[in-house]
Amino acid sequence: MAKKDPSELTVEEKLRTLFQLQTTLSAIDEKRAIRGELPLEVKDLEDEIEGLKTRYEKIEREIDEFQRAISQKKGEITDAEQSLERYKKQLDEVKNNREYDTLSKEIEFQELEIQLCEKKIKEAQIKVEEKGKELEYTQQTIEDHETALAEKRTELSEIVSETKEEEAKLKEKATELESKIEERLLTSFKRIRKGARNGLGIVYVQRDACGGCFNKIPPQRQLDIKMHKKIIVCEYCGRILIDPELAGVKSEVKEEKPKRKRTIRKKKTEGEEA
Ligand SMILES: [Zn+2]
């Protein structure tokens with residue numbers, strides 16, 4: 001088939017080509033979005049691992065503190081035992097009741113001191129054990145996350161090369177379609193697309209509304225769109241409008257029902273309020 005001069009195309013052909021171009025460009029946008037999101041997932045995992053490592057170090061420090069407390073208490077016990085031994089020897093040489101009482105009280109005090117230290121040691125040992133388990137659990141979680149991260153990175157590089165390949169093919173298709181569209185129309189289409197948040201320069205009519213901004217289209221305008229005789233833009237958002245049939249989009253009969261229900265319910269509420 002000989003290539004036609006773009007300006008000789010019918011409005012119908014122009015619209016159809018433009019819509020195909022839109023579909024292709026949207027597919028490119030999607031590939032780029034996929035590539036944009038994956039690094040974020042990787043970053044999230046990296047941040048989580050970083051947080052876990054900080055926690056691991058904190059637990060290690062806590063264990064150290066408890067162990068230091070244990071050795072300190074052990075030292076105190078040794079001191080108390082030495083005093084105890086000394087007092088017990090002195091007890092054999094007491095000269096009066098007053099001295100005996102004083103020494104007995106000292107012995108009693110040292111014995112209590114030892115008991116207290118032993119209790120503290122036991123408590124700290126329990127803490128060390130608990131923290132040890134926490135440490136082990138944190139280490140395991142870090143390892144799991146690191147495995148997930150490695151997988152995610154592999155997945156990322158695969159997707160990047162895959163989507164880049166697909167994108168290149170789509171770009172080729174887009175260039176070919178662009179060559180079929182007259183310069184002026186293409187320029188304004190690109191301008192509309194650039195200004196649109198979802199990257200749509202041409203949209204089909206959906207439930208009597210613009211498929212881009214969802215504002216209702218007046219019946220006469222809808223008829224004009226169905227005629228395919230001239231290029232019509234949405235009066236609210238400026239996007240080019242196309243008849244779904246011409247765009248090759250199946251009409252959404254199934255989707256109509258819930259919508260109507262919603263409208264009825266809304267009207268009821270309004271009536272009740274009035
Ligand atoms: Zn619109």
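The values are calculated or read from the model by the stated rules, or taken from the named source; none is laboratory data. Computed from a predicted structure; not experimentally measured. Here the Cβ positions follow ideal geometry from the backbone for every residue, glycine too, while neighbour counts run over all protein chains shown.
Miscellaneous remarks
- Of all residues in segment 22-60 being over 26 Å from GLN139 (Cβ atoms) and of a type in the set (Lys, Arg), the one that is surrounded by the most Cβ atoms within 10 Å (Cβ to Cβ): LYS31
- Selected residue (only one of LYS133, LYS119 is without any contact (Cβ under 8 Å) to a residue 24 or more places away in the chain, more than 26 Å from GLY75 (Cβ to Cβ) and loosely packed, with under 13 Cβ neighbours inside 10 Å): LYS133
- Test set (1) over 33 Å from the mean Cα position of the chain (by Cα); (2) in a helix (DSSP H, G or I) - VAL94 fails condition number: (2)
For every residue, the table says whether it meets (1) exposed (fewer than 12 other Cβ atoms within 10 Å of the Cβ); (2) in contact with a helix residue (DSSP H, G or I) (Cβ under 6 Å, 6 or more places away or on another chain).
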position: LYS190; (1), (2): no, no
position: LYS194; (1), (2): yes, no
position: ARG197; (1), (2): yes, no
position: TYR204; (1), (2): no, yes
position: GLY211; (1), (2): no, no
position: ILE217; (1), (2): no, no
position: ARG221; (1), (2): no, no
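- Residue in segment 194-204 that is among the basic types (Lys, Arg), under 18 Å from ASP29 (Cβ atoms) and either more than 11 Å from the ligand (Cβ to nearest atom) or in a helix (DSSP H, G or I) (or both) present: yes
- From the options LYS257, LYS230, LYS216, LYS261, residue that is modelled with pLDDT of 95 or more and either among the charged types (D, E, K, R) or touching a His at 6+ places or on another chain (Cβ under 9 Å) (or both): LYS216
- Going through (1) more than 11 Å from the ligand (Cβ to nearest atom); (2) assigned to a loop (DSSP other than H, G, I, E, B); (3) closer than 24 Å to ALA33 by Cα; (4) of a type in the set (A, V, I, L, M, F, W, C) one by one, PHE214 falls short only on (1).
- Total residues in segment 223-232, condition among the aliphatic types (A, V, I, L, M) and surrounded by fewer than 17 Cβ atoms within 10 Å (Cβ to Cβ): 2
- Whichever residue in segment 217-251 is among the aliphatic types (A, V, I, L, M) and part of a loop (DSSP other than H, G, I, E, B) and, among such residues, is nearest to the ligand (Cβ to nearest atom): ILE217
Each row is one residue, and each column tells you yes or no for (1) over 25 Å from ALA69 (Cβ atoms); (2) in contact with a helix residue (DSSP H, G or I) (Cβ under 6 Å, 6 or more places away or on another chain); (3) polar (S, T, N, Q).
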site: GLN82; (1), (2), (3): no, no, yes
site: LYS89; (1), (2), (3): yes, no, no
site: LEU103; (1), (2), (3): yes, yes, no
site: LYS120; (1), (2), (3): no, yes, no
site: GLY132; (1), (2), (3): no, no, no
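- Number of residues in segment 187-210 that are touching a residue at least 12 places away in the same chain (Cβ under 8 Å) and under 13 Å from GLN22 (Cβ atoms) equals 11.
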